[in-house]
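Here's the structure, in structure tokens; my notes come after.
The values are calculated or read from the model by the stated rules, or taken from the named source; none is laboratory data. Being a predicted model, the structure only gives us computed values, none of them experimental. Glycine also receives a Cβ, built like all others from the backbone with ideal geometry; neighbour counts cover every protein chain displayed. When the accessible area is computed, the model is the full protein with side chains, heavy atoms only, and any ligands, DNA or RNA have been set aside. Shrake-Rupley method; radii C 1.70, N 1.55, O 1.52, S 1.80 Å.
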Amino acid sequence: MKIVRIASMAIALCVASASLAAAQGRPDSAPPRRGPMGGRLLDGITLSDAQQAQMKVIREKYMPKMTELRQAAMATGAPPDSATRAKMMELQTSYNAEIRAILTTDQQVVFDKNIADEKERRAKMAPPPGN
């Protein structure tokens, strides 16, 4: 049961990051769309036009890979195995690192705080040990 929850969290994190990245390309007047995990990593950060263009490139690089892993995991009907989960987490880490690299120093501080907040929020949602 714990493996199912961990796998679901990894998949949801990928989905949340994808929806967050997609929301950054929207005009300022349109509210950002958020996935089930909240997609909070860029909350409080306003991207310049150049940064939005870079986000689009990063998104186009990672989304097919994330989608492929997510669909493969869902196709089996069973939770992803440890190798698939590791690939998902590695991909998410690389994706976040590339996003962070395009941010200014001040934006990176907010981004790092958002990541820490998201990890804390997920830890609170995690089942107690032994489940």
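Residue check, PRO79 against (1) surrounded by 10 or more Cβ atoms within 10 Å (Cβ to Cβ); (2) part of a helix (DSSP H, G or I), all met but one. Which one?
Tallying (1) surrounded by 10 or more Cβ atoms within 10 Å (Cβ to Cβ); (2) part of a helix (DSSP H, G or I), PRO79 fails exactly one: (2).
Being of a type outside the set (Val, Ile, Thr) and outside any helix (DSSP H, G or I) is the filter here, so list the residues in the range 95-115 that pass it.
LEU103
Scanning the range 87-126 for residues that are without any contact (Cβ under 8 Å) to a residue 40 or more places away in the chain and under 12 Å from the mean Cα position of the chain (by Cα), which turns out nearest to ALA72 (Cα to Cα)?
Within the range 87-126, the match that is nearest to ALA72 (Cα to Cα) is GLU90.
Taking the criterion of being at negative phi and over 14 Å from the mean Cα position of the chain (by Cα), would at least one residue in the range 35-42 satisfy it? Show your work before the answer.
Taking the range 35-42 as the starting set, the residues that turn out to be at negative phi are 35-37, 40-42.
Filter once more, keeping what is over 14 Å from the mean Cα position of the chain (by Cα): none.
Among the residues of the range 35-42, not one is at negative phi and over 14 Å from the mean Cα position of the chain (by Cα), which makes the answer no.
Suppose we filter ILE58, ILE45 for residues that are under 14 Å from the mean Cα position of the chain (by Cα), surrounded by 16 or more Cβ atoms within 10 Å (Cβ to Cβ) and in contact (Cβ under 8 Å) with a residue 24 or more places away in the chain; which single one remains? Give the derivation first.
Numbers: ILE45 fails: under 14 Å from the mean Cα position of the chain (by Cα).
Testing whether each residue is under 14 Å from the mean Cα position of the chain (by Cα), surrounded by 16 or more Cβ atoms within 10 Å (Cβ to Cβ) and in contact (Cβ under 8 Å) with a residue 24 or more places away in the chain leaves just ILE58.
Out of the range 103-131, which residues are more than 14 Å from LEU41 (Cα to Cα) and open to solvent by less than 60 Å² (accessible area, probe 1.4 Å)?
The answer is ALA126, PRO127.
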